[in-house]
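Quick notes on the structure that follows.
Coordinate-derived values only; no laboratory data. Here the structure is a predicted model, which is why all the values come from computation and not from measurement. So basically every Cβ, Gly included, is an ideal-geometry build from the backbone, and we count neighbours across all protein chains shown.
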Amino acid sequence: MLTLPTIIFGLVVALLIGAVYHFIRGGSGWMLLLYLGLSTLGFASGQALSMWRGWSLFMFGVLDIGLGAIGSAVFLIFGEWLSHIEVKNESGV
């Protein structure tokens with residue numbers, strides 16, 4: 001069971017990962033918000049996967065920072081790739 005301090009620490013780690021990714025990749029303020037959100041969702045998904053499957057990579061108490069960081073990285077890379085896809089407004093008719 002995750003306690004409130006554990007959740008806050010996980011949130012801080014996830015936001016730090018998103019901020020570092022933004023520092024490396026650059027972008028506008030909107031991209032920073034996107035990276036922070038994606039990192040938080042990815043970290044939570046990695047933690048949920050760790051708890052569900054019983055896997056552990058780098059545990060800090062009950063918080064699996066290793067799988068959380070991997071989840072953040074996967075969400076950040078995939079989300080950035082999706083954000084750069086341009087939609088063509090041409091009609092095929």
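Angle between the Cα long axis of helix 29-53 and the longest principal axis of the chain, 0 to 90 degrees, nearest 10?
40 degrees
Show me the ranking of peptides 54-60, 16-22, 42-48 by mean Cβ neighbours inside 10 Å, starting with the highest.
Answer by packing, highest mean first, reads 42-48, 16-22, 54-60.
Springs between alpha-carbon pairs under 10 angstrom, Gaussian network model over the chain: which of Gly71, Gly79, Gly29 fluctuates most?
Maximum among the listed residues: Gly29.
Can you tell me the 0 to 90 degree angle between the C-alpha axis of helix 65-83 and the longest principal axis of the chain, rounded to 10?
Taking Cα atoms only, the helix is inclined about 10 degrees.
Using alpha carbons only, how many angstrom separate the centre of region 73-93 from the centre of region 1-24?
26 Å
Project the alpha carbons of the chain onto their principal axes and report the range along each, largest first, in whole Å.
So the extents along the principal axes, rounded to whole Å, are 57, 28, 20.
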